[in-house]
Amino acid sequence: MSKILVIDDERAIRNTLKEVLEYEKHEVDLAEDGPTGLAMFSERTYEIVLCDIKMAKMDGLEVLSKLTETAPNTPVVMISGHGNIDTAVEAIKKGAFDFLEKPLDLNRLLITMRNAMDKSTLMLQTQNLKSKVSKMYEIVGESEAITKVKAMIDRVAPTEARVLITGSNGTGKELVAHQIHEKSSRSKGPFVEVNCAAIPSELIESELFGHEKGSFTSAIKQRIGKFEQATGGTLFLDEIGDMSLSAQAKVLRALQENKITRVGSDKDIHVNVRVIAATNKNIKKEIDDKNFREDLYHRIGVILIHVPGLNERVEDIPHLAEHFNTIICKEYGMGKKILSAEAIEELKKVEWTGNIREFRNVLERLIILCPNEITANDVIAYALPVSGSNL
């Protein structure tokens, strides 16, 4: 059942629509003109709006414009007894979900309503999914070190500048990359991630730039590379310090000329991507050791963001503990555990070599193995794999 608002200055049309839609088990409210309909829409939540175009107090297209401004995800179906192709095209351009002519074909009306409900459901699911993804990549903490990182993200994200993120394993470099993407003008585009350390050197070029069928023994079909997949969005090159020198040369060309060439082809393909890179290596040392191209470093390192290790921001441990406690307990379908003040102090004493990733694993271990309240003794027993009585 959906809540539907009908805006029409003809009482007979309003009543007919109400009767038909209520028969289909929908909840229907009626408005006799545009201003009344907008006022009702501001007070209640509607899944679908049916709106006449020719009305005395306010034109239906004006109502449509105001509705799409305040609630762009709500499907608005325009109806008119004076319809023509130009009117229909204008309505669709202004954001209408569909256009129906009077006298209304009830079968067409019901099909349109069903499609509009499907769209509303899909939009709601998408919003929920985006909310979960945003929560997943949230940067937690209020320490001075992490506050500086957040401030840098806010300043850099709206630009097109390339970013190089440095930091030890498990510090959250991927979270920084996601935050930059989500806060940029490319947020509606794809976020494509490549783990350069996980791909063999002989396959990295195919992974990044794609290949043509038959270009090498196992190339049984054409492949679109990550640069093309990320067009209009962001390409995240994780662990770029592990990329082969030959691949580095091609990445440099792609950044310089905004075009790539698939393996086995001589055709240039223009790409429009923002590149964010990350590494846990000392790139300056890698340059000195001839393992990394200095000219590529200057291309990708327009903005440098260093993510501090957890030992540099121990004051964030209470916030991180609360954050992971909520997430992990929800994942396991259990009530939140209580972490005593003494337990938090013990967590602050741990040498976090694996940083946030290790900290999350330890919290998960404590939540699984401990009763409702996690104590300092529990942390001593279970915080490290080689400690305590759990062996």
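Applying the criterion of being touching a strand residue (DSSP E or B) at 6+ places or on another chain (Cβ under 7 Å) and assigned to a loop (DSSP other than H, G, I, E, B) to the residues of the stretch 268-288, the residue that is modelled with the lowest pLDDT is 271.
Inclusion of residue 345 among residues that are of a type in the set (D, E, K, R), in a helix (DSSP H, G or I), surrounded by fewer than 16 Cβ atoms within 10 Å (Cβ to Cβ) and at pLDDT below 95 is not warranted. Scan the stretch 240-256 and give yes if some residue there is touching a residue at least 12 places away in the same chain (Cβ under 8 Å), more than 22 Å from residue 281 (Cβ to Cβ) and polar (S, T, N, Q), otherwise no. Yes, the stretch 240-256 contains a residue that is touching a residue at least 12 places away in the same chain (Cβ under 8 Å), more than 22 Å from residue 281 (Cβ to Cβ) and polar (S, T, N, Q). One residue stands out among those in the stretch 17-43 that are touching a residue at least 40 places away in the same chain (Cβ under 8 Å) and out of contact with any strand residue (DSSP E or B) (no Cβ under 7 Å at 6 or more places or on another chain): the one that is surrounded by the fewest Cβ atoms within 10 Å (Cβ to Cβ), which is 24. Restricting the stretch 289-308 to residues that are in a loop (DSSP other than H, G, I, E, B) and of a type in the set (A, V, I, L, M, F, W, C), the residue that is surrounded by the most Cβ atoms within 10 Å (Cβ to Cβ) is 307. The condition of being surrounded by 19 or more Cβ atoms within 10 Å (Cβ to Cβ), touching a His at 6+ places or on another chain (Cβ under 9 Å) and closer than 24 Å to residue 123 by Cα holds for only one of 48, 53, that being 48. Inspection of the stretch 5-13 identifies at least one residue that is out of contact with any helix residue (DSSP H, G or I) (no Cβ under 8 Å at 6 or more places or on another chain), surrounded by 13 or more Cβ atoms within 10 Å (Cβ to Cβ) and of a type in the set (D, E, K, R).
Residue by residue, here is whether (1) on the phi > 0 side of the Ramachandran plot; (2) assigned by TED's automatic domain parsing to the domain that holds residue 170; (3) free of Cβ contacts under 8 Å to residues at least 24 places away in the same chain holds:
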{"site": "297", "(1), (2), (3)": "no, yes, no"}
{"site": "300", "(1), (2), (3)": "no, yes, no"}
{"site": "317", "(1), (2), (3)": "no, no, no"}
{"site": "332", "(1), (2), (3)": "no, no, no"}
{"site": "336", "(1), (2), (3)": "no, no, yes"}
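Of all the residues in the stretch 91-110, those that are assigned to a loop (DSSP other than H, G, I, E, B), out of contact with any Leu (no Cβ under 9 Å at 6 or more places or on another chain) and either over 17 Å from residue 66 (Cβ atoms) or not assigned by TED's automatic domain parsing to the domain that holds residue 23 (or both) number 3. Just one of the numbered conditions (1) out of contact with any Phe, Trp or Tyr (no Cβ under 8 Å at 6 or more places or on another chain); (2) in a loop (DSSP other than H, G, I, E, B) is not true of residue 352: (1).
The values are calculated or read from the model by the stated rules, or taken from the named source; none is laboratory data. Keep in mind that what you see is a predicted model, and the values were worked out from it rather than measured. Reconstructed Cβ throughout: ideal geometry from the backbone, glycine too, with neighbour counts over all protein chains shown.
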